[in-house]
Amino acid sequence: MKAIDAEHYLIEAFLNRADIPDASIYPFNLPIVQHFTTLEFHPKITFIVGENGSGKSTLLEALAIGVGFNAEGGSKNFHFSTMDSHSGLHDFMRLTKGLHRPKDGYFLRAETFYNVASEIERLDEDPTAGPPIKTYYNNKSLHAQSHGESFMTLMEHRFGGKGLYILDEPEAALSPSRQLKLLSLLHKHIKSGSQFIIATHSPIIMGYPDASIFLVTKGGLRATTYEDTEHYQLTKYFLDNRQKVLKELLD
Ligand SMILES: Nc1ncnc2c1ncn2[C@@H]1O[C@H](COP(=O)(O)OP(=O)(O)OP(=O)(O)O)[C@@H](O)[C@H]1O
Ligand SMILES: [Mg+2]
């Protein structure tokens, strides 16, 4: 096991596969789970990349529940559930945590962020419940902002630093220029001692230099480099050879 680093909030995830009751059902039948032994996190950013349906969200959700987040997203203070669709993977996962506990944290799921916004509005309707939560979101209802604007508000205003942030496809609503802005926000938060675990398809976001990239393959998670990802290679090839690719695809 790696020496404990004070900047790490999450050091390692270990899967106790011997205890899994039925390896033929979801999520235990996914290659990412069947081949999972340990996953060592980078102190700054760990990227999880791979094909649609390869199990990135399933893994992130198990990690998020394991550190105490609501399965549908939000901070540790959110306890709502619109549907109980989370897998039981977290029950079999053991997490090695660092010496210091994060002062902040958030689990962002692009797919259920709308539900988080609704929950904030619901909680803020109670005048006895203390300062409105939307104060932390630039004092504006997330529903009154566009999808991309609300994501940026979250990163710019709600994330407080020294935090553990688990983000599932943060690029989902963002223009390329906002994705570049996201890179600079990630850097700002990392400099103030935060750790990120991010599932992404974005060749811009996974371009952050000081990070580990793990690719989900049929044989499980495999460490890779930025230039070796299909996301980088395909995007670059397309941009460099657009007419040729279009001819091959469309003729
Ligand atoms: N609740 C569920 N019950 C059964 N199968 C599920 C459930 N949730 C997801 N799956 C299946 O597990 C596989 C992995 O899903 P997951 O959402 O983790 O993939 P992903 O890598 O995040 O994909 P994407 O890049 O499209 O977000 C998919 O084939 C999906 O159909
Ligand atoms: Mg996903």
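Here, each number is a calculation from the coordinates, and none is a lab measurement. This one's a predicted model, so the numbers in the text were calculated from it and none came from an experiment. Glycine also receives a Cβ, built like all others from the backbone with ideal geometry; neighbour counts cover every protein chain displayed.
Rounded to the nearest 20 debye, the dipole size of the chain about its Cα centre is 660 debye, using +1 on the Cβ of Lys and Arg and -1 on the Cβ of Asp and Glu.
Within region 13-76, the GluC sites (Glu not before Pro) that combine a DSSP coil assignment with at most 15 other C-beta atoms in a 10 angstrom radius are 51. Just list whichever of 103/188; 76/97; 134/181; 103/134; 181/247; 140/191 have alpha carbons separated by over 24 Å in the model shown. Going by Cα-Cα distance, 181/247; 140/191 fall outside the 24 Å limit.
Annotation: the residues 153, 46, sorted from fewest to most other C-beta atoms within 10 Å of their own C-beta, follow the order 153, 46. Per residue, the chain reaches -8000 deg cm²/dmol at 222 nm when only DSSP H runs of four or more residues are counted, each adding -39500 (n - 2.57). Put in order of Cβ neighbour count within 10 Å, fewest first, the listed residues 178, 122 become 122, 178. The order of the peptides 183-194, 219-230 by mean Cβ neighbours within 10 Å, most packed first, is 183-194, 219-230.
The order of 75, 141, going from fewest to most other C-beta atoms within 10 Å of their C-beta, is 141, 75. Projected onto its three principal axes, the C-alpha set of the chain covers 61, 48, 36 Å, listed from the longest axis down.
When the charge dipole of region 141-251 is built from unit charges on Cβ atoms (+1 for Lys and Arg, -1 for Asp and Glu) and taken about the Cα centre, the candidate among 223, 144, 193 whose Cα reaches farthest toward its positive end is 193. Within the listed set 19, 104, 91, the Gaussian network model of the chain (springs between alpha-carbon atoms below 10 Å) gives the highest mean-square fluctuation for 19. For region 10-250, relative contact order (Cα pairs under 8 Å, six or more residues apart, normalised by length) works out to 26 percent.
The listed peptides 238-246, 197-205, ordered by packing as a protection proxy, come out as 197-205, 238-246 (highest mean of other Cβ atoms within 10 Å first). Here the Karplus relation 6.51 cos²θ - 1.76 cosθ + 1.60, evaluated at θ = phi - 60°, turns the backbone of region 139-156 into coupling constants of 6, 10, 4, 5, 6, 8, 10, 5, 3, x, 4, 5, 5, 5, 4, 4, 5, 7 Hz, with x for every Gly and Pro. Highest mobility in the GNM of the chain, judged by mean-square fluctuation with C-alpha springs under 10 Å and restricted to 176, 131, 27, is found for 131.
Taking loop as defined by DSSP and a crowding limit of 12 other beta carbons within 10 Å, which GluC sites (Glu not before Pro) in region 121-156 fit? Of the GluC sites (Glu not before Pro), the ones in loops of region 121-156 whose Cβ has at most 12 other Cβ atoms within 10 Å are 125.
Reported to the nearest whole Å, the Cα centre-to-centre distance from region 102-123 to region 9-69 is 21.
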